[in-house]
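Quick notes on the structure that follows.
Bear in mind these aren't lab numbers, they're just calculated from the coordinates by the rules spelled out. Only a predicted model underlies this, so the values are computations on that prediction, with no experimental measurement involved. Note that each Cβ is placed from the backbone with ideal geometry, even for glycine, and that neighbours are counted across all protein chains shown.
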Amino acid sequence: MRRELPDGSYLSDIVAARDHRKRTDPTVVRVIEYTLDDPGRPQHPAPYRLITTILDHEATPATELAALYNERWEIETTLDELKTHQRGPAQVLRSRSPEGVEQEVWGHLLVHHAIRSLMHTAAQDTDTDPDRLSFTRSLRLVRRQVTAQAAFSP
């Protein structure tokens, strides 16, 4: 640790793996250590360590960076929901024309939006953060409610 900053983060040096023995040209980084509460495990908050080259603690406080980093992962979660759970693993788009592919992608996006909208409504009804609801469980519930799958290819 080089020095601690007023917001609880600290400056440190890192070197590329190939340079670790030489200790040449270290990069100065800011380390932010924080925990996130996991409602599924309230007795065991999850510890995180964010390493960034954003060094100015006044312009970007540690709490702000930690919150933004958590939000950044929400897009990754959304892509996982679409690609892995909704569409299914190893499933390819079935359309054979560019227009059909576009239509199929829009269809997947609309279904995702509809499920997320239902989740949002359910979360509001129970005063819960929508991020705390399981997309996979919601998708299974919706699939059980659909009486018949589409009988045609897009």
Practice task
Name the residue farthest towards the positive end of the dipole of the chain from the options Q145, I32, I54, assuming +1 on Cβ of Lys and Arg, -1 on Cβ of Asp and Glu, about the Cα centre.
Solution key: Q145
Practice task
In nm, give the distance between the simple-model label positions of D129 and I75, each being 7 Å from the Cα along the Cα-to-Cβ direction.
Solution key: 2.0 nm
Practice task
Can you pull a Stokes-Einstein diffusion coefficient for the chain at 10 °C (1.306 mPa s), Rh from Kirkwood over Cα pairs, as a whole number of µm²/s?
Solution key: 81 µm²/s
Problem - Net charge of neighbours whose Cβ lies under 13 Å from the Cβ of H85, counting Lys and Arg as +1 and Asp and Glu as -1 - result: +4
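Where nothing but the Cβ of Lys and Arg (+1) and of Asp and Glu (-1) is charged, how large is the charge dipole of the stretch 92-145 around its Cα centre, in debye to the nearest 20?
Dipole about the Cα centre, nearest 20: 380 debye.
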Problem - Ranked I51, I32, criterion: other C-beta atoms within 10 Å, fewest first - result: I51, I32
Handout entry: Which of L79, L50 has the fewest Cβ neighbours within 10 Å, and the rest in rising order
Key = L79, L50
Exercise for the section: Compute the length gained on full extension between R143 and L110: take 0.36 nm times their separation in residues and subtract their Cα-Cα distance, giving the result in nm to one decimal. Expected result: 10.4 nm
Exercise for the section: Check every DSSP H run in the chain and write down those whose alpha carbon atoms cover 18 angstrom or more along the long axis and whose mean Kyte-Doolittle hydropathy is -0.5 or greater. Expected result: 62-80, 98-125
Handout entry: Length-normalised contact order of the chain in % [C-alpha pairs under 8 Å, at least 6 apart]
Key = 14 percent
Handout entry: Inter-label distance, nm, simple model (7 Å from Cα along the C-beta direction), I14/Q43
Key = 3.4 nm
Completion exercise
Helix-only [θ] at 222 nm, the chain, -39500 (n - 2.57) per DSSP H run of 4+, per residue, nearest 500, equals -13000 deg cm²/dmol
